[in-house]
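Working notes for the structure below.
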There are 2 protein chains.
Amino acid sequence: MHQTFDAAIELNLLHANQEGADYNREHFNEWGITCLNIMSSPGAGKTVLLEQTLAALKDKLNIAVIEGDMTTELDADRLRKYNVPVIPINTGRSCHLDSKMVAGGIHTLAHQYNPSDFDLVLVENVGNLVCPAEFEVGEHAKVALLSVTEGEDKPLKYPVMFQEADCLLITKIDLAPYLDIDLDRITANVRQINPKVKIISVSAKTSEGLKQWFAWISDRVIENSTKQIATQV
Amino acid sequence: MHQTFDAAIELNLLHANQEGADYNREHFNEWGITCLNIMSSPGAGKTVLLEQTLAALKDKLNIAVIEGDMTTELDADRLRKYNVPVIPINTGRSCHLDSKMVAGGIHTLAHQYNPSDFDLVLVENVGNLVCPAEFEVGEHAKVALLSVTEGEDKPLKYPVMFQEADCLLITKIDLAPYLDIDLDRITANVRQINPKVKIISVSAKTSEGLKQWFAWISDRVIENSTKQIATQV
């Protein structure tokens with residue numbers, strides 16, 4: 001989060017964002033949608049993970065994507081090939097999605113489709129291991145990715161993201177043999193910051209771990225829709 | 001940069017930061033110091049680059065390091081082994097160094113040492129490919145790192161950092177054979193955003209490109225001290 005010269009401004013900003021996130025979540029709940037907020041450093045593999053997730057799950061679940069990028073629709077174009085609705089949000093100079101931007105995406109979705117038809121909305125955040133963790137967008141769970149190439153110390157050095165995550169994917173594990181890296185040390189550092197987070201090691205190249213990730217998503221959708229139905233009865 | 005709900009607040013913030021950066025640069029100029037601001041995503045290799053730079057140059061130049069991290073002194077401790085002054089700045093929840101934080105580091109340096117004894121101050125920024133590019137800290141040049149593992153599209157997707165950089169180091173090129181990556185495409189994408197930036201491909205493992213990087217630094221120190229002397233005459 002940017003350090004401003006007035007802490008009150010920051011508090012107001014986060015408070016307004018939280019109100020917007022609650023509003024977004026109410027809409028998702030009303031429509032029976034589960035929303036996941038996918039976050040990581042640039043290049044940790046968010047988009048390729050979404051490509052593989054859409055390929056594996058799009059016939060089982062009705063999925064839409066809200067695709068955050070500072071600029072360009074490069075990632076949105078990659079995901080459109082899977083024939084699911086992809087709503088791009090260009091954040092301009094902003095380093096994260098906030099709840100207001102995602103509200104814009106939700107309104108587009110509700111305008112162009114019947115939102116009650118969807119089971120799952122995947123939000124791909126701007127590549128940034130710091131700020132997105134502080135700005136809830138209305139998600140039901142937060143997913144963080146950490147590539148093995150980023151090093152073992154990152155959970156300790158960027159703790160907010162790892163504290164906030166419900167699921168952590170350690171990506172590109174196929175590259176581990178070429179790196180001076182101790183995978184157990186990464187896990188231990190993550191556990192030191194967040195003992196409860198679900199950790200799954202994955203490789204987009206070898207497909208290792210992907211089935212576990214798909215199962216984790218499906219469990220979240222089932223769990224969440226059960227809660228949503230219980231609230232409505 | 002965080003999108004606030006009042007654009008005027010953002011402008012004030014950047015304006016105040018710029019004033020602080022100018023103030024820092026005046027001090028550096030007065031003392032004959034060249035300052036470089038080193039920026040990248042988390043895990044692109046800033047700290048290992050600084051380790052190798054200190055090992056190679058610390059007997060030729062008097063160097064101090066200002067080491068920015070959200071939390072921990074893990075990186076500062078790594079650099080202290082090279083017996084140069086390392087001043088840690090913990091940014092807390094802030095996603096970048098600003099000129100006020102670096103001013104604090106400069107005051108510590110001036111208090112504990114004779115600042116005129118130094119030729120070079122290396123500022124290692126918080127790992128973030130977005131926000132640090134917008135907050136000048138008083139540097140004479142900006143250095144950005146992009147790891148080959150981050151993918152070819154990053155210069156297009158995170159243009160501000162690449163527009164602002166005076167020197168771009170493409171790091172971890174020893175990993176290129178294990179990745180589906182086109183190195184020429186990275187360079188072309190960088191050039192599209194910033195035709196003038198100096199690009200050097202490096203590997204901390206094989207030492208490829210490091211001599212070019214050390215030469216680039218030495219040239220900046222010579223060029224800058226010539227300017228500083230000319231201004232004082």
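Quick note: the coordinates plus some simple rules give every number you see, no bench work behind them. The structure displayed is predicted, hence computed values, not measured ones. Cβ sites come from the backbone with ideal geometry, for glycine too, and all protein chains shown count toward neighbours.
Summary table below
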item: Given charges at Cβ of Lys, Arg, Asp, Glu: the range A:12-146 dipole, positive-most of A:Gly43, A:Ala103, A:Tyr23; result: A:Gly43
item: Ascending count of other beta-carbon atoms within 10 Å, so fewest first, for B:Arg220, A:Arg185, B:Arg80; result: A:Arg185, B:Arg80, B:Arg220
item: R0 of 45 Å, Cβ-Cβ distance A:Glu223-A:Ala8: FRET efficiency to nearest 0.05; result: 0.75
item: FRET efficiency, B:Lys81 to A:Phe214 (Cβ-Cβ, R0 35 Å, nearest 0.05); result: 0.20
item: Cα lying deepest toward the dipole's positive end in chain A, options A:Val143, A:Val160, A:Asn128, charges on Cβ; result: A:Val143
item: Residues B:Leu14, B:Leu50, A:Leu210, B:Leu145, sorted so that the one with the fewest Cβ neighbours within 10 Å comes first; result: B:Leu14, A:Leu210, B:Leu50, B:Leu145
item: Normalised alpha carbon radius of gyration of the range B:143-233 [divisor 2.2 N^0.38 Å]; result: 1.23
item: Ascending list, in nanometres, of distances separating the B:Asn90 label from those of the other copies (7 Å, Cα toward Cβ); result: 4.0
item: Distance (nanometres) between label positions extended 7 Å along Cα→Cβ at A:Asp117 and B:Ala56; result: 5.8 nm
item: Convex hull volume per residue for the protein assembly as shown, taking Cα atoms only, in Å³; result: 141 Å³
item: Charge dipole magnitude, Cβ of K and R +1, D and E -1 - chain A, Cα centre, debye nearest 20; result: 440 debye
item: Relative pair counts by distance (%), Cα atoms of chain A, 5 Å bins; result: 1, 7, 14, 18, 21, 17, 12, 7, 3, 1, 0
item: Cβ-defined net charge surrounding A:Glu208, 14 Å radius [Lys, Arg +1; Asp, Glu -1]; result: +2
item: Chain B - mean residue ellipticity at 222 nm from DSSP helices (-39,500 (n - 2.57) per run, n ≥ 4, rounded to 500); result: -14000 deg cm²/dmol
item: Inter-copy label distances at B:Arg191 (7 Å, Cα→Cβ; nm, one decimal); result: 5.0
item: Greater than 32 Å apart at Cα, pairs in A:Lys81/B:Lys142; A:Lys58/B:Lys172; A:Lys196/B:Lys142; A:Lys205/B:Lys157; A:Lys81/A:Lys172; result: A:Lys81/B:Lys142; A:Lys58/B:Lys172; A:Lys196/B:Lys142
